[in-house]
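*Asks:* The structure that follows is given in the form of structure tokens.
Bear in mind these aren't lab numbers, they're just calculated from the coordinates by the rules spelled out. Values in this document were obtained by computation on a predicted structure and should not be read as measured data. Heads up, the Cβs are rebuilt from the backbone with ideal geometry, glycines too, and the neighbour counts pull from every protein chain shown.
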Amino acid sequence: MMSQFPPLSKAKLVGLSLLLAVPSYMLSATESSVELSKTSLATVANSTANFSASYSAYQQAVTDNNDADIFKYSAESYELGRKKFGDKSLDTANLALNYAAALEQQDKSLGENATNEPREQAHQLYLIALAIYEVEYGDDAVDVLDPLLGAAKTNSKLKLARSQYRQAVEIAEDSERPLLLASVQMSAFNELNNTKYYDRRVRGYALNAFEIYQDELPPNAFKRVEATYIAGMIWLAEKRESKAIPLFEEVITQFSKLDYSHPYELASHARLVELYEEEGESEQSTKHCLAIGSMRPWQESQEQTPLYRVPPEYPMSAARSWKEGWVQIAFTIDEYGFVTEPKVLHSKGGAGFEKSSLKALKKWRYAPKFVDGKAVTAESLVQLDFTLSRR
């Protein structure tokens, strides 16, 4: 007798049997998937919340200029952001730049007690950001300048740092943006000028930046004044006094308009005292001695430092006999910064040392003492030592 129902295929029957055989397994698996999804979503949400809170704290620290919190939250937000955005994200690169800058600041605050660790950490972070930026924008794009300059500044290998600075200058040159080029060139000069890699190219960076600032910025712009001072120092080092003097005078002119005394102004006065005295123009140097005296607080316990010093000549008779000695001299600094009434208090080695010391001291120039805004005379004391190098 034929069945009233059509026959089930074997495949369908097997499938149906399996479904009926394990109903509790299938239900359990479905519930687990839902729970795992909920857990994953909660983890992601928690991670996002933590990052947002950390980055907000970093931004507040920047607003408050709180270096300790800037360091703490830049590090924290970088680590959280790296997990949130991934190692190749532009957001991660920007967070790395924040953290690197904080590490640099920490390195500066440690001063002489600093180790290479914060600087090296900052360097690695700049390299991470640079690699991401180069993929995102191209290795010759203006956008890569921030991480590239950061990597150069924190590079402990100066030869590699020089190459990075050269690359940065080339990128800035191609940008056809003069002020950007000047800024990059000054960065390169400031980091390389006191190293063995200082050469005419590095020198040229500063002088070219100075020319750009002259063309692009008003006379009182700080960057222009700073570059003017640096250019003056370059010409001074190269014995080009005629080029150095007007630049230092320009620095003083601009900073004299401020309500406070800037270190560049003070230094420029000191350099001009030296330059004018070298040229025998004591009258010209006097106004700069007076200016320095009015700028610097006088401390009775502080040993006075002359603005211009001529070393005493070693007496030939003493040098031939390998005689050494010293001379203590008391003297007066008048209201114009000249040395007057020098008197030998004590000495060792003979009259030759005394005579040479007195002759030299009369050529020295000081910043005079100021009382209630007026230059006055003051007493001072110095000891000049005469020693020979024995090789």
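*Asks:* Starting from the 7 Å offset along Cα-to-Cβ, what nm value, one decimal, do you get for the label separation of Gln284 and Met316?
*Replies:* 3.3
*Asks:* Further, regarding this structure: Among 184-190, 318-324, what's the highest-first ranking by average C-beta atoms within 10 angstrom per residue?
*Replies:* On the way: 184-190: 22.1, 318-324: 12.7.
Those peptides, ordered most packed to least, come out 184-190, 318-324.
*Asks:* Checking the cross-link filter: which lysines have an alpha carbon closer than 16 Å to that of Lys153, excluding same-chain neighbours under 8 positions apart?
*Replies:* Lys108, Lys196
*Asks:* Cut-off under 29 Å on the C-alpha distance; same-chain residues fewer than 8 positions from Lys348 excluded. Which lysines are left, in chain and number order?
*Replies:* Those lysines meeting the cut-off are Lys323, Lys359, Lys362, Lys363.
*Asks:* Once you order the gyration tensor axes a ≥ b ≥ c over the Cα atoms, which shape class does the range 190-268 get: rounded for a/c under 1.5, otherwise prolate or oblate by comparing a/b with b/c?
*Replies:* Values: a/c = 1.78, a/b = 1.55, b/c = 1.15.
The shape class here is prolate.
*Asks:* Mind checking the range 97-196 for trypsin sites (Lys or Arg not before Pro) that DSSP puts in a loop (not H, G, I, E or B) and that have at most 15 other Cβ atoms within 10 Å? List each step's numbers first, then the result.
*Replies:* Working: sites: Lys108, Arg119, Lys153, Lys157, Lys159, Arg162, Arg166, Lys196; in loops: Lys157, Lys196.
Sites meeting the loop and neighbour criteria: Lys157, Lys196.
*Asks:* For Ala237 and Gln383, what is the calculated FRET efficiency with R₀ set at 41 Å and r taken between the beta-carbons, to the nearest 0.05?
*Replies:* On the way: r = 30 Å, r/R0 = 0.72.
Calculated transfer efficiency: 0.85.
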